[in-house]
Structure formats: C-alpha cells, structure tokens
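The values are calculated or read from the model by the stated rules, or taken from the named source; none is laboratory data. Predicted model only: the values in this text are computed from it and were never measured. Because the Cβ atoms are built from the backbone with ideal geometry, glycine has one as well, and the counts that use them run over all protein chains shown. Just the protein is used for accessible areas: all its heavy atoms, side chains included, with ligands, DNA and RNA removed. Shrake-Rupley method; radii C 1.70, N 1.55, O 1.52, S 1.80 Å.
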Amino acid sequence: MIITRSPLRITLGGGGTDLPSYYREHGGYLIAAAIDKYVYVTVMRPFVEGIFLKYSKLEHVEGISEVQHPIIREALHMLGFRTPQIEITTLADIPAGTGLGSSGSFSTALLKALHAHRRRLLHPGDLAELACEIEIDRLKEPVGKQDQYIASYGGITCFTFNADNSVKAEPLQLRMESLFALEDNLLLFFTGFSRSAGRILQEQKVRTEEADAEMLRNLHYVKELGFRSRKALEEGHPEVFGELMHEHWEHKKRRSGAMSNPQIDEWYELGLRNGAIGGKLVGAGGGGFLLFYCEQHRRLREAMARAGLEEVRFRFDFEGTKVLFG
C-alpha cells in the first residue's frame with residue numbers, strides 16, 4: 001500500500017495571474033503558502049482484477065475508459081496501466097469547493113502515489129507539471145497553475161509563470177520572527193458557502209483572451225500587488241502586507257459579479273471593524289474561506305463566532321506532496 005498526502009493552500013498575493021489565458025501573454029506572478037490541511041490518497045493492488053475507486057462515490061470498473069472520475073481516468077491513461085488491477089482511495093481534511101486548491105492537491109497526491117506504486121521518483125516541478133497537464137491540457141479546465149505547484153513544493157513560495165509555460169519557484173525569504181508573526185496573524189474562517197470555481201474562472205479566461213481592457217488592467221495591478229506583498233513581507237512589515245490584502249480584495253471583487261455577495265461583504269466589513277487590517281476570500285471567489293490579517297486575535301475570533309463563522313486554525317506546511325507510507 002502507498003499512502004501520500006498533499007497540502008491545501010492559501011494565496012498571499014497575485015492570485016489570478018497564474019491562468020494560461022493571462023501568463024502566456026503577460027507573464028504571471030504570485031505568492032502562495034501551503035498549510036497543514038491535507039488531501040490523502042492511498043493506492044494498493046487488490047486481490048482481484050479491476051479498478052476500485054473510493055472517493056465521494058464508489059466505482060468498480062474493468063477498464064480505464066469506464067472510470068467516471070476525470071482526474072483519476074487521465075492519470076491512469078498517463079501512466080499507461082494496460083491491465084488495471086488497482087484500488088485508489090482518497091480522503092481530505094477539508095471538502096472540495098472551498099477555495100483552498102483541493103483539486104490541485106488531489107492531482108499531485110494521486111500522481112505521487114501512482115509513481116511511487118511504479119517505483120518512480122518525481123521532482124516537485126515535474127509532479128506539478130504533470131498535474132497541470134491533466135487539468136489544463138487534457139481536461140480543459142479553466143484553472144491556473146498555482147494549486148498544483150504550491151501543493152508539490154510546499155512552504156511559502158513565490159512563483160513566476162512565464163509565457164513559454166515554464167515556472168520558476170523561489171521560497172519567500174522571511175526572518176523567523178516575520179514567519180511566526182505571519183502564521184499567528186493570518187486567521188481563516190469558513191463562510192459556509194461551497195461553490196465551483198469554474199464559472200468565475202471561465203469568465204476571467206474569456207475576458208482575458210478577448211483582451212478586455214478592464215480585466216487586463218485589473219490583473220496587471222494584482223500582479224504588481226504580488227511583488228509589493230513580497231517586498232513587505234521580506235522587509236519585515238507584515239502590517240503593510242495586511243493593507244495590501246485589502247487592496248487585493250477590492251480589485252479581485254471587480255473581476256466578476258459572482259466574486260462576492262452581500263453576506264460575504266457584511267462579514268468582511270465585520271472583520272475590519274474588529275481588528276483586521278485586511279483580508280480576502282481565498283480561491284476563485286463566491287464562497288469558501290475568508291482569510292484575515294489581524295493582530296487582535298481574540299476580538300476578531302469573538303466577532304466571527306457571534307456571526308456564526310467557524311475558524312479553521314492552521315500552520316504552514318514546508319514538506320509539500322510526499323509519500324507517508326509505502
């Protein structure tokens with residue numbers, strides 16, 4: 001039996017510029033952080049022939065083309081399983097559709113497990129690129145590359161997405177006191193809304209490909225916020241980073257009417273009134289988790305609890321996608 005795990009993520013700056021529709025023309029840049037909430041995948045060889053899948057559904061089929069789960073189907077095709085006799089199970093700390101990059105984390109955990117099952121090693125960059133090939137090239141999903149890359153590498157990492165599809169990964173250079181302050185002062189609250197990111201990302205993709213001036217200005221500015229966020233964090237000014245998060249959220253909302261709703265706006269304003277310097281919805285928008293930068297932890301936590309939002313406490317993950325057993 002092989003057991004792998006892959007971390008979920010939060011985006012700290014530049015989100016949205018990792019979509020091919022943008023970076024292939026203009027280059028993308030963002031900062032993402034892996035957190036200690038995980039997707040787990042187990043792979044084993046059962047006693048009988050066939051493909052056995054256990055996720056939110058159960059599947060038992062004879063051939064790869066019969067597999068309903070698109071990522072699993074494409075991963076099995078990619079590795080060339082000719083006479084499938086395999087059982088794959090997946091579990092997650094946090095459900096899909098909540099903006100923490102679970103699809104990319106699942107893809108990397110699955111590919112890591114299948115390669116380990118075949119006794120093959122994978123560099124994090126190669127693992128991320130294979131996961132991107134499945135989701136972006138084979139399945140034509142309107143997603144970016146950050147989820148697969150931050151899940152593979154882990155840590156707090158700056159990614160440059162080049163027009164030739166290459167990706168440069170650099171760890172954020174934080175002093176230890178700045179790292180601890182960032183970890184302590186980022187607070188994550190579940191809005192209760194789950195959603196598919198597809199609609200919002202598809203709208204951004206289409207408008208970007210059509211060279212919509214407003215969308216391009218927005219993404220150019222958000223990319224610049226990514227560079228400014230890196231500078232603030234590396235120079236030891238996390239409170240400035242918090243202000244940039246607010247600026248990021250204001251620009252992010254303008255990309256789509258589905259990005260927020262009156263209830264989310266109300267909770268966000270409640271956070272600002274109770275000590276948060278800045279914040280934003282994590283992921284494509286429309287639901288999922290509100291992330292705040294706040295140094296007055298108790299005040300914000302009490303306000304969010306009164307509003308009915310559950311906090312998910314986390315630490316950063318510096319290991320990335322890894323084999324736990326096998």
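What are the residues in segment 140-156 that are over 15 Å from the mean Cα position of the chain (by Cα) and open to solvent by less than 40 Å² (accessible area, probe 1.4 Å), if any?
none
Considering (1) surrounded by fewer than 22 Cβ atoms within 10 Å (Cβ to Cβ); (2) assigned to a loop (DSSP other than H, G, I, E, B), say which one residue 287 fails and leave the rest.
Condition not satisfied by residue 287: (1).
Among the residues of segment 294-321, write down those that are farther than 29 Å from residue 142 by Cβ, in a strand (DSSP E or B) and not acidic (Asp, Glu).
Answer for segment 294-321, where residues must be farther than 29 Å from residue 142 by Cβ, in a strand (DSSP E or B) and not acidic (Asp, Glu): just 294.
Given the criterion under 22 Å from residue 296 (Cα atoms), surrounded by 19 or more Cβ atoms within 10 Å (Cβ to Cβ), touching a strand residue (DSSP E or B) at 6+ places or on another chain (Cβ under 7 Å) and not basic (Lys, Arg), identify the matching residue among 187, 182.
Working: 182 fails: touching a strand residue (DSSP E or B) at 6+ places or on another chain (Cβ under 7 Å).
Answer to the selection: 187.
In segment 229-248, what residues are closer than 27 Å to residue 202 by Cα and either among the charged types (D, E, K, R) or touching a Leu at 6+ places or on another chain (Cβ under 7 Å) (or both)?
Step one: list which residues in segment 229-248 are closer than 27 Å to residue 202 by Cα, which gives 229, 244-248.
Hits for segment 229-248 are 229, 244, 247, 248.
In segment 266-276, is there at least one residue being on the phi > 0 side of the Ramachandran plot, of a type in the set (Gly, Ala, Ser) and out of contact with any helix residue (DSSP H, G or I) (no Cβ under 9 Å at 6 or more places or on another chain)?
Looking for residues that are on the phi > 0 side of the Ramachandran plot, of a type in the set (Gly, Ala, Ser) and out of contact with any helix residue (DSSP H, G or I) (no Cβ under 9 Å at 6 or more places or on another chain), one finds none in segment 266-276, hence no.
Which of the residues that make up segment 157-168 are surrounded by fewer than 17 Cβ atoms within 10 Å (Cβ to Cβ) and closer than 19 Å to residue 123 by Cα?
Result: 165, 166, 168.
Could you please tell me which pairs satisfy a Cβ distance under 7 Å, a separation of 6+ or placement on different chains, a first residue in segment 310-322 that is under 23 Å from residue 194 (Cα atoms) and open to solvent by 100 Å² or more (accessible area, probe 1.4 Å), and a second residue that is acidic (Asp, Glu) and outside any strand (DSSP E or B)?
From segment 310-322, the pairs are 315/183.
What number of residues within segment 264-283 satisfy the criterion of being in contact (Cβ under 8 Å) with a residue 12 or more places away in the chain and either open to solvent by 20 Å² or more (accessible area, probe 1.4 Å) or in a strand (DSSP E or B) (or both)?
Result for segment 264-283: 11.
Here are the criteria: (1) assigned to a helix (DSSP H, G or I); (2) under 27 Å from residue 190 (Cα atoms). Tell me which single one residue 95 does not satisfy.
So the condition that residue 95 fails would be (1).
Kindly indicate whether any position in segment 106-128 is surrounded by 22 or more Cβ atoms within 10 Å (Cβ to Cβ), touching a residue at least 24 places away in the same chain (Cβ under 8 Å) and over 17 Å from residue 323 (Cβ atoms).
No, that holds for no residue.
Wholly within segment 132-247, which helices (runs of 4 or more DSSP H) include no fewer than the required count, namely at least 3 residues that are at pLDDT below 95 and closer than 28 Å to residue 78 by Cβ?
Filter on segment 132-247 gives 198-209.
Of all residues being modelled with pLDDT under 95 and not in a helix (DSSP H, G or I) in segment 64-90, which is nearest to residue 3 (Cα to Cα)? Just the residue, please.
Result: 85.
Which numbered condition trips up residue 231, out of (1) within 19 Å of residue 174 (Cβ to Cβ); (2) in contact with a strand residue (DSSP E or B) (Cβ under 8 Å, 6 or more places away or on another chain)?
Residue 231 satisfies every listed condition except (2).
In this structure, is residue 96 closer than 28 Å to residue 290 by Cβ, open to solvent by less than 30 Å² (accessible area, probe 1.4 Å) and either of a type outside the set (Phe, Trp, Tyr) or in contact with a strand residue (DSSP E or B) (Cβ under 9 Å, 6 or more places away or on another chain) (or both)?
No: the conditions fail for residue 96.
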